[in-house]
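Written below as structure tokens is the structure these notes are about.
The values are calculated or read from the model by the stated rules, or taken from the named source; none is laboratory data. What you see is a predicted model; the values in this text were computed from it and never measured. Glycine also receives a Cβ, built like all others from the backbone with ideal geometry; neighbour counts cover every protein chain displayed.
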Amino acid sequence: MHSLKNTGHKLLKSINQQKVLYLIFSEGSISRVELAHKTGLSQQTVTNIVNRLLEDGLVFESEHVPLVAGSGRKRVALSVNSSSHYALGIEIAGKYIRGCVYNFRNERLSSTKRSVDKYKNIDDLLQLLHEVIDELLEQVPVLAKTKGIGISVQGLADSKQGILLRVPGLGFLQLPLTSLLEAKYELPVYLENDANLLAVNENMNGCLSGSTDNITLKFDYGIGGAIFSDTRLISGSSYVAGEFGHYKAFTGPEAYPCHCGGTGCLTTLLSISGLQHNTGQTLEAFQQAVRSGDESMIHLHDTMIRTLAVAISNLVTFLNPDRVLLTGRILESWGIDIVSKLKETLMESVPMTSRGVELLYMEQMPEETLLAAGLVLKRVFEIPLDALSL
Ligand SMILES: [Zn+2]
């Protein structure tokens, strides 16, 4: 009984400590008084926690700011010591693996990349991944202060179990990636699909904040999608919800076979890899052919846009989101005008009741390795909700 109580007390202490540390991090700089106010903890508890954090070198007293402008009273602001902790952010894409070292101020300290035409097999992928991680770990200023590795994958991942399910070019796998890497590097490893990662980031503090129901669609080397319903990411029963790439979209002569075994999937033409596979054209060559008046390519281009408009209209009708976020290099190559065209079709075709939806376009996606490193940061500050009832 005694030891149980002690465990509870210790846990509560660490949760309060995480709360305080996270607030100092997210606010940039904050005083002890504000910390007490925002956490609901007593001034004395905050002082005790801050003293411990100062001793550990996790935070530092950054500046003296007048409490009230013009008054003589000053407060001491606290900031997280950015140089004290690091995270690795890795991006696994169809043609490359890239990685960067970040400190807790989201500043990039170093980066490296391995390019590949196509992964030959799982070992080939792991070999390149190890090379990237090894090189980055050599560049971390203090290895002991590396808090983990975050991985974003352009493919499918079961983020809860840390299993890689699909990578472009390798088809379906069941690779327990996080446990493999954790055993090798003795660091916590977190894995997430790139579209989910983008959607979570935008819902937390980007262009989807304030939205309760939204869809994120990324048309890039492959197609990625994420659905937020009632402010929660829908993961599905086997963590692959939002896989819009295999939405049946094309019929007739444009219904190309898809690597999933079906035909006419959205990804067979509306992704860089599908376009190249089925028409033999790179995105740049295709756009160039359209611009120079190649009739068959113009026809295909119009079909792609019309199909995309229908697909989005169906998703909006079905899921009733308040916002839809579009991004990726396919859309980038078409330019911003395409969004107003899509909007027009959307407003004509969806039921009156769903027309409140906003169509957003993100030209510049946030740096993917930074989002991946954010997985580490998020876990470092994570407060287990079920522990709060203690
Ligand atoms: Zn398919």
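Things to note:
- Unique residue being part of a loop (DSSP other than H, G, I, E, B) and not assigned by TED's automatic domain parsing to the domain that holds M304 when the list is L191, L187, L181: L187
- Meets criteria (assigned to a helix (DSSP H, G or I) and crowded, with 20+ Cβ neighbours inside 10 Å) for T317: no
Residues are listed down the side, and each one gets a yes or a no for (1) farther than 26 Å from S115 by Cβ; (2) in contact with a Cys (Cβ under 7 Å, 6 or more places away or on another chain); (3) more than 16 Å from the ligand (Cβ to nearest atom):
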{"site": "G210", "(1), (2), (3)": "yes, no, yes"}
{"site": "G222", "(1), (2), (3)": "no, no, no"}
{"site": "S238", "(1), (2), (3)": "yes, no, yes"}
{"site": "C258", "(1), (2), (3)": "no, yes, no"}
{"site": "C265", "(1), (2), (3)": "yes, yes, no"}
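Residues checked against (1) buried (at least 18 other Cβ atoms within 10 Å of the Cβ); (2) among the β-branched types (V, I, T); (3) in contact (Cβ under 8 Å) with a residue 24 or more places away in the chain; (4) touching an Asp or Glu at 6+ places or on another chain (Cβ under 8 Å):
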site	(1), (2), (3), (4)
T251	no, yes, no, no
G262	no, no, no, no
M297	yes, no, no, no
I312	yes, yes, yes, no
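- Top-ranked residue of the range 221-234 - restricted to ones that are touching a strand residue (DSSP E or B) at 6+ places or on another chain (Cβ under 8 Å) and either of a type in the set (S, T, Y) or surrounded by 24 or more Cβ atoms within 10 Å (Cβ to Cβ) (or both), ranked as nearest to T282 (Cα to Cα): I223
- Any hit, the range 121-144, residues being closer than 22 Å to D194 by Cβ and of a type in the set (G, A, S): no
- Wholly within the range 1-59, helices (runs of 4 or more DSSP H) carrying at least 1 residues that are modelled with pLDDT under 90 and of a type in the set (S, T, Y): 2-27, 32-39
- Test: residue in the range 286-305 that is closer than 30 Å to V80 by Cα and of a type outside the set (G, A, S): no
- Residues satisfying the stated conditions in the range 102-132, i.e. part of a strand (DSSP E or B) and without any contact (Cβ under 8 Å) to a residue 40 or more places away in the chain: N103, L109, S110, T112, K113, R114, S115
- Residue list for the range 130-155, filter: modelled with pLDDT of 95 or more, among the aliphatic types (A, V, I, L, M) and surrounded by fewer than 20 Cβ atoms within 10 Å (Cβ to Cβ): L137
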